[in-house]
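Reading through the structure tokens given below for one structure.
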Amino acid sequence: MKEIYKVEKIGFSETQLVEDDVSCERQWTDIQPPQPCWKPKFSFRTNQWTETATEAEMNPPFENEQTEKDRVESLENTVLELADLILSGGETNVE
């Protein structure tokens, strides 16, 4: 048995298990897409899959990633708040 892939403009839409002696029709291939694959494209001319995703698509930046400056400022604020709490004898301004 072998797995075949129904080729679409980008990627594939379905797979099927067929006997090893079955030949693929034009829209199908038995060549496995690369792993991992984000936006694979198959060329029937070269009989190869190509990754078409950009580097940014494959490795998007983290939206919540803090810069070092942001982390330092946050730590400084925490230290100042703790120092105020200690100096006030543990009393808070929260009512």
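The values are calculated or read from the model by the stated rules, or taken from the named source; none is laboratory data. Please read these numbers as outputs of a predicted model, since none were measured by experiment. Reconstructed Cβ throughout: ideal geometry from the backbone, glycine too, with neighbour counts over all protein chains shown. Quick note on the areas: whole protein, heavy atoms, side chains included, nothing else; ligands and nucleic acids left out. Shrake-Rupley method; radii C 1.70, N 1.55, O 1.52, S 1.80 Å.
Some points to look at:
- Using the 1.4 Å probe convention, the accessible area of the chain works out to 85 Å² per residue with neighbouring protein chains retained.
- Of the GluC sites (Glu not before Pro) in the stretch 34-68, the ones in a loop by DSSP (not H, G, I, E or B) with at most 13 other beta carbons within 10 Å are E63, E65.
- Across q = 0.15, 0.16, 0.21, 0.24 Å⁻¹, the chain modelled as identical point scatterers on its alpha-carbon atoms has Debye log10 I(q)/I(0) values of -0.73, -0.79, -1.02, -1.17, in the order of the q list.
- The chain: angle of helix 68-87 to the longest principal axis, Cα-based, in degrees nearest 10: 30 degrees
- Extending 7 Å from Cα along the Cβ direction at T50 and again at Q16 yields two label points whose distance is 2.8 nm.
- By accessible area, using a 1.4 Å probe on protein heavy atoms only, the chain has 50% of its surface on carbon and sulfur.
- Probe 1.4 Å - accessible area at T54, Å² to nearest ten: 70 Å²
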